[in-house]
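Take a look at the structure set out below.
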Amino acid sequence: MSMITVKHLKKSFGALEVLKDISTEIQEKEVVCVIGPSGSGKSTFLRCLNKLEEITGGHVIIDGQDITNPKTDINKIRQDIGMVFQSFNLFPHLTVLENICLAPTKVRAASKEAAKQQALELLVKVGMKEKANQYPGELSGGQKQRVAIARALAMNPKIMLFDEPTSALDPEMVGEVLEVMKQLAQEGMTMVVVTHEMGFAREVGDRVLFMDGGYIVEENVPVALFTNPQHERTKAFLSKVL
Amino acid sequence: MDIIKQALPYIQTGLKVTIFIFLVALILGLVVGLVMALLRLSHNKVLNAIAKIYVNAFRGTPILVQLFFFYYGVNSLGFLSMDKTTAGIVTVGLNAGAYFTEVIRAGIQSIDKGQTEAARSLGLTGMQNMRYVILPQAVRRMLPTFTNQAIISLKDTSLLSIIGITDLTQQGQVVIAATYEAFKIWLVIGIVYFIMIYLLSLLASYLERRFEVR
């Protein structure tokens, strides 16, 4: 069974229809990159996967549970879906360590010691151990994003969602974040990545979705999509960004 | 100086009453303000309307009228009898609460939406998000306005002397009735209020430093 199943997903903001009819399946351990012009609905699509956006129509099924069913406890589902944002969204009043420990201690009722231990291991993994007791305001963009990844991983999620994780970074910091993501992918994390980093999509992605106008216009393995796009719109987009 | 010495026991009594009423009213105002702010932010239209009516009613009428309403008005209905102190605390507390409601609401809304999204995406419930993520940040931003309202409420307590509560102002009147030393006594009473408010603002700036977001 697939990890994420999306069936005829629709999303409107008032009269504006952003997602018109999205259907796809994402398997366990698969890394799916979502590309497309701005306004194509790719971020909205991602945000529907953990119901940060109310879903207007269709179904999103996460590991067998339909999150569009009002009876589904979305808080429970979200514990298994980590999310990384373009603007980091670290909690500025908490230290790096406290940022990472908050959800495990408050949501999973982990002991402070166990949470701290795990947080330190995650910080080693993202190369941020020496900043454990600093506040987000003291970190660079790339460092903030690596902490945000560690924070999401602290809940031991089955799925990680990335919403343009490198778009707000200075160019020299993009690499350090992509490196952490690449490592995650190699460890077998199921990942959905909305990105403008075509190099990353090509190298790390198992599959690439090209979105435009609220539809998935084309999807394929990266090599095929990048070297031999089938649709005119895909060709036009790729010719501009590659 | 003799007169001051004579007046001192009265001033002490009054000061105690003023501080007691102020503190209880402040706590009442904060609790009511927080609850009403959350109602104000809820998507439930009825709850929202309740909070709006409360805020508008207390902001739109003079506190003296509110005091008379609670002490004379509500008591005249006969189904409950508030003593002076209770009526005073309720008036000052609910009055402050209306302003606190708006301060807290604005403070909560000033926190970036991304904070809530990050918290909810980690599985925190709405209440956990409020408690651990939003309020700690919002409180820091609210502190200066909180201080302002607390100072206003402290000064408002002097109005309670009108219904005979033995607060600092009322005790001043008592001393003057006995000594006819209006100038000296009001000067002293004024200084006592000033010192209280000065200490309050010192406390506020200490708290502001403590809650500072790095």
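A few points about this structure:
- The stretch A:147-242: C-alpha pair distances exceeding 22 Å, %: 33 percent
- Its alpha carbons give chain A an Rg and a Dmax of 17.8, 55 Å.
- Choice from A:Pro136, A:Pro157, A:Pro92 with maximal GNM fluctuation in chain A (Cα, 10 Å cutoff): A:Pro92
- Note on surface exposure: B:Leu34, A:Leu178 rank B:Leu34, A:Leu178 by accessible area, highest first, 1.4 Å probe.
- Karplus-derived 3J(HN,Hα) values for the stretch B:158-172, using 6.51 cos²θ - 1.76 cosθ + 1.60 with θ = phi - 60°, are 5, 5, 5, 4, 4, 8, x, 5, 7, 7, 4, 5, 5, 5, x Hz; glycine and proline are entered as x.
- Contact surface A-B: accessible area buried, both sides summed, square angstrom, 1.4 angstrom probe: 1900 Å²
- Residue-averaged 222 nm ellipticity for the protein assembly as shown, from DSSP H runs of 4+ at -39500 (n - 2.57), nearest 500: -18000 deg cm²/dmol
- Probe 1.4 Å, all protein chains present, accessible-area order of A:Arg202, B:Arg40, largest first: A:Arg202, B:Arg40
- On full extension, the segment bounded by B:Glu208 and B:Thr179 gains 6.1 nm, given 0.36 nm per residue less the C-alpha separation.
- Estimated D of the stretch B:101-144 in µm² per second, where Rh is the Kirkwood radius over Cα pairs and Stokes-Einstein applies at 37 °C, 0.692 mPa s: 314 µm²/s
- Separation of the stretch B:78-145 from the stretch A:125-202 is 34 Å, based on Cα centroids.
- Out-of-range pairs (alpha-carbon distance over 24 Å; input A:Lys10/A:Lys51; A:Lys106/A:Lys144; A:Lys11/A:Lys240): A:Lys11/A:Lys240
- For A:Lys116, a cut-off of 12 angstrom between C-alpha atoms picks up these aspartates and glutamates, skipping any fewer than 8 places away in its own chain: A:Glu98.
- Restricting the GluC sites (Glu not before Pro) of the stretch A:28-95 to loop positions (DSSP other than H, G, I, E, B) with no more than 13 neighbouring Cβ atoms within 10 Å leaves A:Glu54.
- Alpha carbon convex hull of the protein assembly as shown, volume per residue in cubic angstrom: 192 Å³
- With DNA, RNA and ligands ignored, accessible area of B:Glu212 (1.4 Å probe; Å², nearest 10): 90 Å²
- Relative contact order of chain A, defined on C-alpha pairs under 8 angstrom at six or more residues apart (%): 27 percent
- Against chain A, whose longest principal axis is taken from its Cα atoms, helix A:171-186 shows a tilt of about 90°.
- Compared with the dominant Cα axis of chain A, that is its longest principal axis, helix A:96-106 is turned about 80°.
- The stretch A:5-58-the stretch B:167-214 distance, computed between alpha-carbon centres (Å): 61 Å
- Under 19 Å, Cα to Cα: Lys pairs in chain B, sequence gap 8 or more or different chains: 5
- For the residue pairs A:Lys7/A:Lys71; A:Lys42/A:Lys131; A:Lys7/A:Lys29; A:Lys29/A:Lys129, alpha carbon separations beyond 22 Å are given by A:Lys42/A:Lys131; A:Lys29/A:Lys129.
- Restricting the calculation to Cα atoms, every distinct pair contributes to the Kirkwood radius of the stretch B:6-211, found to be 18.8 Å.
- In the context of the full set of protein chains, residues of chain A present 42 Å² of accessible surface per residue (probe radius 1.4 Å, heavy atoms only).
The values are calculated or read from the model by the stated rules, or taken from the named source; none is laboratory data. Please read all numbers here as calculations on a predicted model, not as lab measurements. Here the Cβ is made from the backbone with ideal geometry for all residues, glycine too, and neighbour counts use every protein chain on show. Accessible surface is based on the protein model in full, side chains and every heavy atom, while ligands, DNA and RNA are left aside. Shrake-Rupley method; radii C 1.70, N 1.55, O 1.52, S 1.80 Å.
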